Number of protein chains: 2
Amino acid sequence: MGEKYNILIAQSGGPTVAINASLAGVMREAFASEEIDRVYGGCNGIQGILEDRILELNEQFENNEENLHKLECTPAMFLGSCRYKMKSYEEDTTDYDRVLEIFQKYHIGAFFYIGGNDSMDTVDKMSQYVKAHDMDVKVVGIPKTIDNDLMMIDHTPGFGSAAKYIATTVREIAMDTYIYNMDTVVIVEIMGRNAGWLTAAAALARNNYNIAPQLIYLPEVAFDTDAFVQKVKKSLFQYHHVIVAVSEGIKDKDGNYISAQGNNVDKFGHAMLSGTGAVLKDIVTERIGCKVRSIELNVLQRAAAHISSATDLKESVELGKNGVRLAKAGKTGVMSTLTRKDTPKYEVEYSFADISKIANEEKKVPLEWITEEGTDVSNDMIEYLRPLVLGEVTVPYKDGIPDYMFDRVRRK
Amino acid sequence: MGEKYNILIAQSGGPTVAINASLAGVMREAFASEEIDRVYGGCNGIQGILEDRILELNEQFENNEENLHKLECTPAMFLGSCRYKMKSYEEDTTDYDRVLEIFQKYHIGAFFYIGGNDSMDTVDKMSQYVKAHDMDVKVVGIPKTIDNDLMMIDHTPGFGSAAKYIATTVREIAMDTYIYNMDTVVIVEIMGRNAGWLTAAAALARNNYNIAPQLIYLPEVAFDTDAFVQKVKKSLFQYHHVIVAVSEGIKDKDGNYISAQGNNVDKFGHAMLSGTGAVLKDIVTERIGCKVRSIELNVLQRAAAHISSATDLKESVELGKNGVRLAKAGKTGVMSTLTRKDTPKYEVEYSFADISKIANEEKKVPLEWITEEGTDVSNDMIEYLRPLVLGEVTVPYKDGIPDYMFDRVRRK
């Protein structure tokens with residue numbers, strides 16, 4: 001690529017509060033690159049690219065620190081998302097050929113796709129197809145997912161902020177619970193279908209005055225209802241107020257979801273869960289009979305940008321920048337990654353990994369980071385999690401409410 | 001009261017993030033008063049006072065700005081709460097006589113009870129009984145409730161912070177919803193059994209880029225399911241993403257709760273609600289069939305001190321201080337209040353009201369602040385709400401998580 005080229009960025013999958021920070025990072029590095037001219041954004045992920053819904057981003061963001069900073073603090077996705085699964089090109093090349101047309105039309109030299117496991121599948125397929133057609137377009141994945149379940153990366157952008165929200169909220173829920181002199185159980189249902197990282201973060205709610213959550217249930221360990229009832233009873237006897245952090249995706253020893261709605265699946269074949277907390281609440285009511293409440297953190301754990309982790313947003317920007325550097329160095333079919341250095345103080349370095357090792361894989365919580373009884377996490381887990389939630393972000397406020405950036409994709 | 005006397009403070013009812021600020025305010029004024037010696041705290045409200053569970057607070061807080069500030073930022077209740085309903089003294093004087101004993105034992109010259117409607121009932125009864133027994137103890141109520149439903153006060157401590165949390169969260173939920181190019185309805189269920197103030201605060205989520213919530217349903221207006229379905233359909237057609245803010249306590253024209261669980265009642269005879277959002281979700285699924293999600297804000301709206309309103313916390317401190325000044329001026333059987341001045345810039349002045357006009361009464365949203373169709377609030381409501389959420393609080397953080405003050409009441 002001797003002459004100048006343009007780049008295309010899009011976002012996909014579920015939202016996090018850090019995905020726009022990675023978009024800003026890509027733009028920051030691109031604006032600083034002599035060889036890159038225009039930065040284009042594809043609306044609603046690959047789906048909008050197929051429909052030629054492409055925006056020019058230079059005007060709004062180049063040499064505009066205020067807008068870049070505001071974007072970095074803004075939750076969800078400035079460019080919108082999709083849940084579009086491309087067929088394999090052996091099966092049908094229509095979508096692939098259409099994307100190549102778009103690349104040619106906009107003189108695209110590098111394509112960046114910010115997303116999770118499913119989005120990395122798109123990156124994998126596109127990079128293979130581009131190579132097979134001898135096109136000079138680098139295809140680079142930028143990671144994001146609150147679930148922290150991507151392979152080949154120490155932790156994912158968006159996870160640290162979700163962890164900070166979860167730990168803060170669980171601590172606040174515990175304090176709300178302590179006020180009555182009455183045996184009480186609170187079940188906090190946290191996202192995570194197959195990996196328990198987010199639920200593990202509830203452990204950070206503990207400090208010198210708060211021992212809650214006393215029980216933590218992750219999907220990596222089979223859930224036993226009788227053992228759960230015994231554990232809650234024992235904890236109630238000891239503490240009177242018991243907070244239980246539970247992943248939505250816990251399953252029994254036969255692999256059946258505890259949630260009553262576990263049989264529904266989405267387009268990717270993932271189980272769609274809700275109600276795990278409600279099921280456990282009913283169990284406590286029936287078999288223990290004390291006051292019990294179930295709280296579903298719901299989408300707030302991925303949207304609460306007002307309490308983002310400064311560490312998370314900084315790393316998300318850097319992963320975006322690093323992605324552009326990878327493309328400029330000729331890398332394709334890779335994901336921008338970070339590795340935790342083996343230093344006493346927390347430090348990371350930015351690198352890359354082959355996308356085929358990431359796409360459609362899931363990184364679960366290692367069993368040695370879960371206690372033997374399966375109801376808590378180990379100190380290794382706490383040490384792993386702690387640096388990721390550090391630092392507060394000064395979000396812009398207007399009229400007392402966080403003032404985020406207007407997204408560019410709504411139909412109305 | 002020529003000689004020095006001690007004072008007793010307790011907290012009661014449901015938690016807010018501002019109730020400890022009022023406790024700090026009472027202490028600040030008491031520590032500065034020549035005539036007041038010791039400040040005692042009663043644990044778990046009137047219930048703990050009956051059990052002689054009394055703490056001395058001077059050691060921890062007097063001349064300790066750091067501890068006072070930390071207390072002011074701490075959610076829930078430092079002294080714990082109760083839901084204890086005193087019988088009328090005509091019926092049974094046991095509890096009343098016991099409280100008088102405690103007053104004598106600790107040489108109490110003034111008793112401050114921080115709470116909502118039910119707690120003001122306790123203040124009313126106690127002040128009457130004290131007067132009838134010619135005891136020189138001033139009994140003063142300090143208001144608090146996220147519900148904003150107390151009479152004789154412009155707005156209640158705790159409400160502004162809850163409103164800020166609700167508006168912020170609804171805005172973040174809206175942004176989370178906008179990312180998919182797909183017709184979506186999100187129902188946000190907000191606290192409020194009979195008064196819609198909290199749900200009205202969702203309107204503050206709107207700004208120049210966010211028109212959600214498009215529909216707001218308060219308990220002051222009878223809920224009509226058919227009209228709701230028509231409104232949602234129309235809004236979906238226009239906006240594609242529709243956020244509905246709904247009070248848990250909405251009822252149909254015959255006064256029946258929409259929530260399926262509306263028939264359970266608590267000790268005070270209040271209906272215990274949950275599931276209003278879930279009921280509306282089912283209605284949308286059955287009659288419209290688009291993607292729909294229900295989110296219950298749950299206890300987070302009263303516990304999320306990490307996003308308190310600075311205006312709310314400041315006023316809560318002042319209402320506590322004002323309570324002490326009222327007692328010193330010889331007032332009893334009153335509640336510390338604030339009035340909004342008729343000035344262009346928002347200003348309040350502190351005053352008092354006769355407790356009998358407040359106890360067991362509920363201030364509802366005036367119908368003229370609800371639009372004619374009953375699906376939104378008026379500009380007068382917005383202007384009333386706006387100043388209450390202003391200002392951000394610098395909460396102390398440790399290890400990335402808000403560092404609140406350890407409460408003093410847990411049994412373990």
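The values are calculated or read from the model by the stated rules, or taken from the named source; none is laboratory data. Treat the numbers as computed from the prediction; the structure is a model and nothing was measured. Every residue, glycine among them, receives a Cβ derived from its backbone with ideal geometry; neighbour counts consider all protein chains shown.
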Subject >> Candidates B:Tyr96, B:Tyr84 - the one that is among the aromatic types (Phe, Trp, Tyr) and under 21 Å from the mean Cα position of the chain (by Cα) >> reply: B:Tyr84
Original post:
Assuming A:Val130 fulfils every condition listed in (1) within 14 Å of another protein chain (Cβ to nearest Cβ); (2) under 23 Å from A:Leu319 (Cβ atoms); (3) surrounded by fewer than 23 Cβ atoms within 10 Å (Cβ to Cβ) apart from one, which condition is it?
Top reply: (1)
**OP:** Could you run through segment B:297-316 and say how many residues are within 13 Å of B:Ala167 (Cβ to Cβ), hydrophobic (A, V, I, L, M, F, W, C) and within 7 Å of another protein chain (Cβ to nearest Cβ)?
**Re:** 2
**OP:** Return the total of residues in segment A:69-86 being touching a helix residue (DSSP H, G or I) at 6+ places or on another chain (Cβ under 6 Å), part of a loop (DSSP other than H, G, I, E, B) and aliphatic (A, V, I, L, M).
**Re:** 3
**OP:** Restrict the check to segment A:224-237 and report whether at least one residue is of a type in the set (Asp, Glu) and touching a strand residue (DSSP E or B) at 6+ places or on another chain (Cβ under 8 Å).
**Re:** no
**OP:** Kindly establish whether B:Thr285 is closer than 21 Å to B:Tyr165 by Cβ, assigned to a helix (DSSP H, G or I), out of contact with any Asp or Glu (no Cβ under 9 Å at 6 or more places or on another chain) and within 14 Å of chain A (Cβ to nearest Cβ).
**Re:** no
Original post:
Got a number for residues in segment B:3-22 being within 15 Å of B:Tyr404 (Cα to Cα) and within 13 Å of chain A (Cβ to nearest Cβ)?
Top reply: 5
Subject >> Filter result (more than 11 Å from chain B (Cβ to nearest Cβ) and either in a loop (DSSP other than H, G, I, E, B) or among the β-branched types (Val, Ile, Thr) (or both)) within segment A:378-403 >> reply: A:Ser378, A:Val393
**OP:** Might you check whether a residue that is surrounded by fewer than 19 Cβ atoms within 10 Å (Cβ to Cβ) and in contact with a Gly (Cβ under 8 Å, 6 or more places away or on another chain) occurs anywhere in segment A:322-339?
**Re:** no
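Filter segment A:205-242 down to residues that are outside any loop (DSSP other than H, G, I, E, B) and among the charged types (D, E, K, R) and give me whichever is surrounded by the most Cβ atoms within 10 Å (Cβ to Cβ).
Among those residues, the one meeting the criterion is A:Lys231.
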Original post:
Hey, any hits in segment A:202-213 for a residue that's under 19 Å from A:Val17 (Cβ atoms), at pLDDT 95 or above, assigned by TED's automatic domain parsing to the domain that holds A:Ala21 and touching a helix residue (DSSP H, G or I) at 6+ places or on another chain (Cβ under 8 Å)?
Top reply: no
Subject >> Only one of B:Glu392, B:Glu383, B:Glu373 that is touching a Gly at 6+ places or on another chain (Cβ under 9 Å) and of a type in the set (Asp, Glu) >> reply: B:Glu392
**OP:** Go through the residues of segment B:148-159 one by one and say whether even a single one is under 19 Å from A:Asp176 (Cα atoms), in a helix (DSSP H, G or I) and at pLDDT 95 or above.
**Re:** yes
Subject >> Residues that are over 20 Å from B:Trp369 (Cβ atoms) and either within 13 Å of chain A (Cβ to nearest Cβ) or within 27 Å of the chain's Cα centre (by Cα) (or both), drawn from segment B:213-233 >> reply: none
Original post:
Only one of (1) among the β-branched types (Val, Ile, Thr); (2) over 28 Å from B:Gly400 (Cβ atoms); (3) assigned to a strand (DSSP E or B) fails for A:Ile295. Which number is that?
Top reply: (2)
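Per-residue answers, yes or no, for (1) among the small types (Gly, Ala, Ser); (2) surrounded by fewer than 24 Cβ atoms within 10 Å (Cβ to Cβ); (3) over 24 Å from A:Val395 (Cβ atoms):
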residue	(1), (2), (3)
A:Tyr5	no, yes, yes
A:Ser22	yes, no, no
A:Ile36	no, yes, yes
A:Asn67	no, yes, no
A:Ser81	yes, no, no
A:Asp97	no, yes, yes
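From A:Gly48, A:Gly41, grab the single residue that is buried (at least 22 other Cβ atoms within 10 Å of the Cβ) and in a helix (DSSP H, G or I).
A:Gly48
A quick yes/no check of all residues on (1) within 11 Å of another protein chain (Cβ to nearest Cβ); (2) within 22 Å of A:Val123 (Cβ to Cβ):
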position	(1), (2)
A:Ser336	no, yes
A:Lys341	no, no
A:Ala359	no, yes
A:Val365	no, no
A:Asp376	no, no
A:Met405	yes, no
Subject >> The listed residue being over 24 Å from B:Arg28 (Cβ atoms) and not in a strand (DSSP E or B), out of B:Glu59, B:Glu66, B:Glu101 >> reply: B:Glu101
**OP:** Name, by its number, the condition in (1) under 15 Å from A:Ala195 (Cβ atoms); (2) within 14 Å of chain B (Cβ to nearest Cβ); (3) not in a helix (DSSP H, G or I) that does not hold for A:Ala163.
**Re:** (3)
Original post:
Regarding B:Arg287, is this residue under 30 Å from B:Glu392 (Cα atoms) and modelled with pLDDT of 95 or more?
Top reply: no
Original post:
Taking the condition within 30 Å of B:Asn67 (Cα to Cα) and touching a strand residue (DSSP E or B) at 6+ places or on another chain (Cβ under 8 Å), does B:Tyr350 pass?
Top reply: yes
Original post:
Which members of segment A:112-129 meet the condition of being of a type outside the set (Asp, Glu) and in contact with a helix residue (DSSP H, G or I) (Cβ under 7 Å, 6 or more places away or on another chain)?
Top reply: A:Phe112, A:Tyr113, A:Ile114, A:Met120, A:Thr122, A:Val123, A:Met126, A:Ser127, A:Tyr129
